[in-house]
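Engineer: Below are the structure tokens for one structure; questions will follow.
The values are calculated or read from the model by the stated rules, or taken from the named source; none is laboratory data. Since the structure is predicted, the reported quantities are computational estimates derived from the model, not experimental observations. Glycine also receives a Cβ, built like all others from the backbone with ideal geometry; neighbour counts cover every protein chain displayed.
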Amino acid sequence: MSELVWPACDGETAQLIRTRDWSRTALGPIDSWPATLRILTETILRSPVGMALLWGDDNTLLYNDAYALIAGDKHPQALGMSVHEAWPDARDFNQTVLDAAYAGEVSVFRDRHFVLAHNGEPKDIWVDLYYAPAMDEHGQVRGLLATIIETTARVQGERERERQGRHLEQVNTRLDALRVQLEQTNDKLVGDMAFLNTLFRQAPSFMAVVTGPDHVIELANDSYLRLVQHRPIIGKPVREALPEVVEQGFVDLLDQVYREGEPFHGRSVDVQLVSADGLAMERRILDFVYQPLKDGHGNTHGIFVEGIDVTDHALTEERLRVAQEVGEIGTFEWYPNTGKVVVSEAYRRLWGFTPDTDVTASMLVNQVEPAHRHMAGPSRLEQYDNPIGYAEFMITRVDTGEKRWIARRGQAVTGTKGGERRYLGAAFDITERKRIEEDLREAQAALHALNQSLELKVVLEETERVKAEDALRQAQKMEAVGQLASGVAHDFNNVLQIISSNLQLMELDGLGGLPGARIASAIAAVERGSKLSSQLLAFARKQPLQPVATHLGRLLGDMESLLLRALGDRIVVDIHQPAGLWNVEVDQNQLENAILNMAINARDAMDGVGRLTISLSNAAPDGADGAEHVCLAMNDTGCGMPPEIVEKIFDPFYTTKAPGKGTGLGMSMVYGFVKQSGGEIRIQSRPGQGTTILIYLPRALGEAVEARAPDSAAVHGNGETVLVVDDDAAVVATTTDVLTSLGYHVLRAGDAQQALAVLQSGVRVDLLFTDLSMPGAVDWVSLIERSRVVAPDTAILLTSGQLPDRQLDDDIELLPKPYSREQLARAVRQQLGRTPPVVAADRVAHQDLTGNGQAGRRILVVEDDPDTRELACELLSALGHEASGSGSAEHALALLKESDVDILFTDLNLPGLSGIELATRAIASQPALTVILASGEGNNVKLPADSGVILLPKPYDLPQLELSIAHAARPRRAASLH
Ligand code: ADP
Ligand code: MG
């Protein structure tokens, strides 16, 4: 029975051993196991510690439950296997301990480490191993008995302790390091604290810390203590420490910051603090902040006071501002990158900008005078290191448009933004200074000029004085000679009048037995004499002038043919005139006379061969003081003159020409005329070098009178008869009206035949005025030929819308149609002037017969010279009038009261009252009376306006006398005869 339950132990391994079929193993069936094996097996099965038995030649492994636990996943396969099969990895180790056992030795191993799989997971296991030989009953070693005690918990515990020990060590080491570091940091902190403390103490800004609701001053640095004059403030509430600030609201401010926990920033705040001596208050200006100090919960427990004393800066700024305001110094900041200019109020006032204008650089530049713009900052930006260095320039004020001088100075300052350029400058008004400078400069210049001119004057004075004396002498001479000439002309005219009157009377008397040719030559001589006396009058500047605006180029153009005729064909005439030549104010007739006189002198100087150049230009004579003149320079290639002749050239009657060749009055006339016209005359001449005579005439600003304005006296008719021939009745009618209004007597004809009939009838016709194209049998050529036969004294004037088909005789003129009243008047006058009507007694008689009502007038002749008076009376009687004489104005006035007189014929110069006074008084008492005033001074008599007095220049011939009577017979006109 017992056999069946062996091994009769509890446990899993005992169960396995019991149930296993051992017969196929090296141990053989369990029943056959030797007793030793059985005992040993039972021993290990019953052992509480892990035990194993390696038995027999095969080293079959038997073990207990404790071993099975340690063997892990090897169990249960390992049970009954050869140990080498069961633990192949530990074959060497097992062989070693087996060998030792079989040698009778015991092996012990402590804390041997194995990694064994338990439930498939490798597990670290530490064991103590005890190996002892197992012997059979014969004392023969048959196997090995192994005891295995797991020490994993102990080994791991030891290991953990070791690890912790090591960790502790490390921590200690680290702690040591930290301590060292801490010590160092502490040291540094102490240093830093000291440094901070020093910083705090020495900081330029004032600092203090106040704590608690009463603001107890805990800390204050040196600056703060300085500010409060080193009063003992530490540990005291502000209220006590600095009582003077309470009133000024600073404690309230601290209260507010403490209460609300918000910082307060003050800028340029005025504070009054007790002064060092404690006696007065001192003003300080501060920038400061009250910064609340908070604990971890955000509660304010104190206030940090920090700030800077800006008193000096603020006062400087204030002084600067006041200086700017008072001194009107404008400041500006200019940012060239944007063109922006920030300007002060004073600056705005300088330029006249309103306070709200955004001033820009370009706006400023625009106001600067263009000539000064190169000094403006923007103009200099690129070229100058400092574009706003000192400069003075003129601006136009924006508001008033006033011109002001501005001085500017400035310099670059660092911009707040990187790379930004910025300039700061100041400007002020220097207009007044400039004005003073200018005045000064002018005064200095004037002084300088004065000095210079004084020096120059001293040098020149002598020459000038000599020159002036010469000029004065010359002027005095000219004046004296002029007066003399005028007197001579006057007397000369009177003498000529006597001669002329006698000649006229002789003619009337039937020539007094003399041949007609003698009388004619005598009359011609009177005319020459009369021309001379008119030249004398011109020299004496007593010629009546009718200056009109004249273009000299045109006048010369009109004169050209006349000049060519006068000079002859061996003298070349050149006329030069520039474009833009001004007009001059001049009497055209007199100027023509002057030019003709000079041209004839040139011709004589050139002996008829050479070149005459007339150049016109806008040029003033020296000493004209800016007055504008036109110069007429006449140059000849003649013999020229030495200075002594030039000196005398203007003297009346000075001539170098052979007796009878020159009168010596030509240049005198030119001189007198130019002077009377407000002009100047200069002569440049050297013997053999030709002569240039320069005439300067004052500029006229008006339009040039188109055609030469004729002498009004010259264009009026003197009652001459004009025969107007035209097939156009309307033309005849208007022409008649014009001619009648001009003072002509007009006869009319519709064609050449009618005209011839009139001429043949014996009616006196002074001028035949005919159209070229005419209907009927007789053409204009035949009309002229026939008129020359039947009326040889009749002048001829042609008119036509086109050019005549044949050459006209020299004495016949053509007036192109259409013509103006003036052109007709002038042409008629000119043609009538060509052939002075020789008045014959029969003509006069004939005219008388025409019943013009001119005969039989009662005429009172007033003349102090008995011969002249007598002659005048005789002439008037010859004309069929009743003439009586009187020697003085006074006598004449008495006579006028007593007897009936139609016409008062008086001389201008009378011993008592003058002719003009006589005329005025006579007309006043007898308004119906007509007065004829005869004058030896030619036309140069100023008559009262509207006097109605008829002027008759001496010497007069019979027709002129007759005409003046004819005028007197007409209803009185406003204007005089001349
Ligand atoms: P007249 O021609 O009758 O001699 P003027 O008064 O015209 O009188 O001239 C006076 C003098 O001036 C002349 O005689 C002549 O000697 C001189 N003279 C005038 N013009 C010239 C001239 N162009 N060239 C040279 N001599 C001149
Ligand atoms: Mg002459």
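Engineer: Kindly evaluate Ile693 against the criterion of being within 12 Å of ligand 1 (Cβ to nearest atom), hydrophobic (A, V, I, L, M, F, W, C) and part of a strand (DSSP E or B).
Structural biologist: When the stated conditions are applied, Ile693 passes them.
Engineer: Find the strands (runs of 3 or more DSSP E) located wholly in the stretch 547-659 whose residues include 1 or more that are touching a residue at least 24 places away in the same chain (Cβ under 8 Å), within 14 Å of ligand 2 (Cβ to nearest atom) and under 19 Å from Gln684 (Cα atoms), and list them.
Structural biologist: 629-636
Engineer: Restricting the first residue to the stretch 95-113 and requiring it to be farther than 11 Å from Leu54 by Cα, which pairs with a second residue that is in a helix (DSSP H, G or I) and among the acidic types (Asp, Glu) meet a Cβ separation below 9 Å and a spacing of at least six or different chains?
Structural biologist: Qualifying pairs under 9 Å: Glu105/Asp99; Asp111/Glu158.
Engineer: Working only within the stretch 201-248, note down all residues that are surrounded by fewer than 18 Cβ atoms within 10 Å (Cβ to Cβ) and of a type in the set (A, V, I, L, M).
Structural biologist: Once the filter is applied, which keeps residues that are surrounded by fewer than 18 Cβ atoms within 10 Å (Cβ to Cβ) and of a type in the set (A, V, I, L, M), the stretch 201-248 yields Ala203, Leu219, Leu225, Ile234, Val246.
Engineer: For residues in the stretch 330-358 being of a type in the set (A, V, I, L, M) and surrounded by 19 or more Cβ atoms within 10 Å (Cβ to Cβ), which is nearest to Arg397 (Cα to Cα)?
Structural biologist: In this case the residue turns out to be Leu350.
Engineer: Of the residues that make up the stretch 594-615, is at least one more than 11 Å from ligand 1 (Cβ to nearest atom), more than 15 Å from Ala566 (Cβ to Cβ) and in contact with a Cys (Cβ under 9 Å, 6 or more places away or on another chain)?
Structural biologist: Yes: the stretch 594-615 contains one or more residues that are more than 11 Å from ligand 1 (Cβ to nearest atom), more than 15 Å from Ala566 (Cβ to Cβ) and in contact with a Cys (Cβ under 9 Å, 6 or more places away or on another chain).
Engineer: For Ser534, are the conditions met, namely being of a type in the set (S, T, N, Q) and either away from ligand 1 (no atom under 15 Å from the Cβ) or part of a loop (DSSP other than H, G, I, E, B) (or both)?
Structural biologist: no
Engineer: Starting from the stretch 72-85, keep only residues that are in the same structural domain as Asp21 (by TED's automatic domain parsing), then list their pairs with residues that are among the basic types (Lys, Arg) whose Cβ atoms are within a distance under 9 Å, requiring at least 6 positions of separation or different chains.
Structural biologist: That search, which allows pairs on different chains as well, returns Gly72/Lys123; Leu79/Arg20; Gly80/Arg20; Val83/Arg91; His84/Arg91.
Engineer: Something else: Do we find a residue being of a type outside the set (Phe, Trp, Tyr), assigned to a loop (DSSP other than H, G, I, E, B) and not assigned by TED's automatic domain parsing to the domain that holds Leu596 anywhere in the stretch 729-739?
Structural biologist: There is no residue in the stretch 729-739 that is of a type outside the set (Phe, Trp, Tyr), assigned to a loop (DSSP other than H, G, I, E, B) and not assigned by TED's automatic domain parsing to the domain that holds Leu596.
Engineer: Being part of a loop (DSSP other than H, G, I, E, B) and near ligand 1 (Cβ under 10 Å from one of its atoms) is the filter here, so list the residues in the stretch 665-680 that pass it.
Structural biologist: Leu665
Engineer: Tell me which residues, restricted to the stretch 652-664, are more than 6 Å from ligand 1 (Cβ to nearest atom) and within 22 Å of Leu591 (Cβ to Cβ). So that I can check it myself, show each step before the final result.
Structural biologist: Our first condition is that a residue be more than 6 Å from ligand 1 (Cβ to nearest atom); within the stretch 652-664, this holds for 652-653, 658-661.
Passing the criteria: only Pro652.
Engineer: Okay, next question. Restricting to the stretch 1-30, name every residue that is part of a helix (DSSP H, G or I), surrounded by fewer than 16 Cβ atoms within 10 Å (Cβ to Cβ) and in contact with a Ser or Thr (Cβ under 9 Å, 6 or more places away or on another chain).
Structural biologist: Result: Ser23, single match.
Engineer: Name the residues in the stretch 718-731 that are crowded, with 19+ Cβ neighbours inside 10 Å and farther than 19 Å from Ser964 by Cα, would you?
Structural biologist: The answer is Leu723, Val724, Val725, Asp726.
Engineer: So, in the stretch 391-411, exactly how many residues are under 18 Å from the mean Cα position of the chain (by Cα) and under 9 Å from Ile430 (Cα atoms)?
Structural biologist: Final tally of qualifying residues: 4.
Engineer: Take the residues in the stretch 249-266 that are surrounded by 12 or more Cβ atoms within 10 Å (Cβ to Cβ) and assigned to a strand (DSSP E or B); name whichever of them is modelled with the lowest pLDDT.
Structural biologist: Gly266
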